[in-house]
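Notes follow once the structure below has been shown.
The values are calculated or read from the model by the stated rules, or taken from the named source; none is laboratory data. Just so we're clear, the structure is a prediction, and the values are computed from it rather than from any experiment. Methodologically, a virtual Cβ is constructed for each residue, glycine included, from the backbone with ideal geometry; neighbour enumeration extends over all protein chains shown. With ligands, DNA and RNA removed, areas are computed over all heavy atoms of the protein, side chains included. Shrake-Rupley method; radii C 1.70, N 1.55, O 1.52, S 1.80 Å.
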Amino acid sequence: MPRSTLLLAIALTAFGASARADEFTRADVDRYLKEFESVAAEGRKLWTNGSVGTNGVACAQCHPNAANTHPETYPKFQKQLGKVAQLFEMVNWCIRNPLQGQNLAADDPRMTALVSYITFERRGMKLTPGVH
């Protein structure tokens, strides 16, 4: 075996031994779930209070309990946007149009909360990207 191949194999083995990002303790999982549920709860507040837009309309007026949002189907073609879109893009369409508000950045904590709430309400559903 050439020396460079041997050094690469040793380096990859050493890296692999220390790179265990996918290993979690029960305490980690419980903490992560609690954090997700907390963010989803903030999303529900935003969803129901009419503060996201400028006209007082709440997301829940059209989508009570995030009904008919189907986050498990994204990304998918959205007629309103004329392209294959991510869920946050459709949320922004609703914010701009029925709610008469301004787009939220994909990493805005409010967008994270809204998308977390939507996906929380549909937890357990099979992923079916692209389906209508």
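A few notes on this one:
The rows are residues; the columns are (1) under 26 Å from E35 (Cα atoms); (2) touching a residue at least 24 places away in the same chain (Cβ under 8 Å); (3) of a type in the set (K, R).
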| site | (1), (2), (3) |
| --- | --- |
| K83 | no, no, yes |
| E89 | yes, no, no |
| I95 | yes, yes, no |
| P98 | no, yes, no |
| N103 | yes, no, no |
| D107 | yes, no, no |
| M111 | yes, no, no |
| T128 | yes, yes, no |
| V131 | no, yes, no |
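- Matching residues, the stretch 25-54, being open to solvent by 50 Å² or more (accessible area, probe 1.4 Å), assigned to a loop (DSSP other than H, G, I, E, B) and either within 17 Å of I118 (Cβ to Cβ) or out of contact with any Gly (no Cβ under 8 Å at 6 or more places or on another chain) (or both): T25, S51
- Pick from the stretch 6-19, criterion assigned to a helix (DSSP H, G or I) and open to solvent by less than 70 Å² (accessible area, probe 1.4 Å), ranking: modelled with the highest pLDDT: A9
- Test: residue in the stretch 87-94 that is surrounded by fewer than 19 Cβ atoms within 10 Å (Cβ to Cβ), out of contact with any Cys (no Cβ under 7 Å at 6 or more places or on another chain) and not aromatic (F, W, Y): yes
- Check on A60, of a type in the set (G, A, S), surrounded by 10 or more Cβ atoms within 10 Å (Cβ to Cβ) and at pLDDT 95 or above: yes
- Selection from the stretch 96-130 of residues that are touching a strand residue (DSSP E or B) at 6+ places or on another chain (Cβ under 9 Å) and open to solvent by 70 Å² or more (accessible area, probe 1.4 Å): P129
- Scanning the stretch 64-89 for residues that are more than 17 Å from the chain's Cα centre (by Cα) and part of a loop (DSSP other than H, G, I, E, B) yields K79, Q80, L81, G82.
- Hits in the stretch 68-80 (condition: out of contact with any helix residue (DSSP H, G or I) (no Cβ under 6 Å at 6 or more places or on another chain), loosely packed, with under 15 Cβ neighbours inside 10 Å and either free of Cβ contacts under 8 Å to residues at least 40 places away in the same chain or β-branched (V, I, T) (or both)): N68, K79
- Conditions (1) of a type in the set (D, E); (2) modelled with pLDDT under 95; (3) in a helix (DSSP H, G or I): number failed by D22: (3)
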